[in-house]
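Report on the following structure.
The values are calculated or read from the model by the stated rules, or taken from the named source; none is laboratory data. Bear in mind the structure is a predicted one, so any value in this text is a computation, not a measurement. Virtual Cβ from ideal backbone geometry, glycine too; neighbours counted across all protein chains shown. All accessible areas refer to the heavy atoms of the entire protein, side chains included, with ligands and DNA or RNA removed. Shrake-Rupley method; radii C 1.70, N 1.55, O 1.52, S 1.80 Å.
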Amino acid sequence: MLIVIGVALSAVLAAVNGLQLASLQRALGGLALPESQLGGYDTGYIELIRGRMTDELLERYGASHYLWDLLFPLVFAATVLTLVHYICKGRTIAWLLMVPPILFAAVDIAENLTLEALVNDPDVLSSEVAMASTLTVVRTVLLVASIAAALGALLVRPRTSPGQHT
């Protein structure tokens, strides 16, 4: 039941965050936000985003990062970890399948903090943009790896207790 609730909550959080970011994208004249640039971005792109951001949009962007996009990776990672632990408990593969969701949550939160700093800092350094862009790409790869880990766990047969029959 906990896994089902986690999946549902993850879906709701992802949808709400997606709606929030889509609203911001419309307010920016259709310019996609950096976290949606799966192949990364450069300093010019960040400067273009910053040029279109108003105080209200900066506040909405921060609210998205500090609420929806903070809760999603935590709930999603906890759900995948619970699933892997439940199905693969006591097996070595469980440890391998737990790595991607933990790294995903850490990298997603680091990406959010880095992007917040970038859009609020008047002096954008290319090294900071490169870091944020790298975090965006790595986050995407880790999200896919986390989904693959969850699916991989579902393919592993749970161990049965000595008195149970399968």
Within the set of pairs 6+ apart or on separate chains, which have a first residue in region 109-126 that is over 19 Å from residue 137 (Cβ atoms), a second that is of a type outside the set (S, T, N, Q) and open to solvent by 30 Å² or more (accessible area, probe 1.4 Å), and C-beta atoms under 9 Å apart? 120/50; 120/58; 121/50; 121/128; 122/50
Pairs under 7 Å by beta carbon, first residue within 9 Å of residue 3 (Cα to Cα) in region 77-96, partner open to solvent by 50 Å² or more (accessible area, probe 1.4 Å), six or more apart or different chains? 79/7; 82/2
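Of all residues in region 110-152, how many are polar (S, T, N, Q), open to solvent by less than 50 Å² (accessible area, probe 1.4 Å) and more than 15 Å from the chain's Cα centre (by Cα)? So that I can check it myself, show each step before the final result.
Filtering region 110-152 for residues polar (S, T, N, Q) gives 112, 114, 120, 126-127, 133-134, 136, 140, 146.
If we keep only those that are open to solvent by less than 50 Å² (accessible area, probe 1.4 Å) too, we end up with 112, 114, 133, 136, 140, 146.
Checking which are more than 15 Å from the chain's Cα centre (by Cα) leaves us with none.
Of the residues in that region, 0 qualify.
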Subset tally (residues that are open to solvent by 30 Å² or more (accessible area, probe 1.4 Å) and touching a residue at least 24 places away in the same chain (Cβ under 8 Å)) for region 22-31: 2
Condition broken by residue 87, with the remaining ones in (1) surrounded by fewer than 17 Cβ atoms within 10 Å (Cβ to Cβ); (2) touching a helix residue (DSSP H, G or I) at 6+ places or on another chain (Cβ under 7 Å) satisfied: (1)
With the condition kept exactly as written, say whether any residue in region 72-82 is over 21 Å from residue 18 (Cβ atoms) and surrounded by fewer than 21 Cβ atoms within 10 Å (Cβ to Cβ). yes
Just need a number here: residues in region 33-64 that are within 17 Å of the chain's Cα centre (by Cα) and either farther than 16 Å from residue 121 by Cα or not in a helix (DSSP H, G or I) (or both). 9
Scan region 44-73 for residues that are among the β-branched types (Val, Ile, Thr) and out of contact with any Leu (no Cβ under 8 Å at 6 or more places or on another chain) and jot them down. 54
Of all residues in region 32-51 being free of Cβ contacts under 8 Å to residues at least 24 places away in the same chain and exposed (fewer than 15 other Cβ atoms within 10 Å of the Cβ), the one that is nearest to residue 65 (Cα to Cα): 36
Only one residue in 16, 7 is under 15 Å from the mean Cα position of the chain (by Cα), of a type in the set (A, V, I, L, M, F, W, C) and within 27 Å of residue 99 (Cβ to Cβ), so which one is that? 7
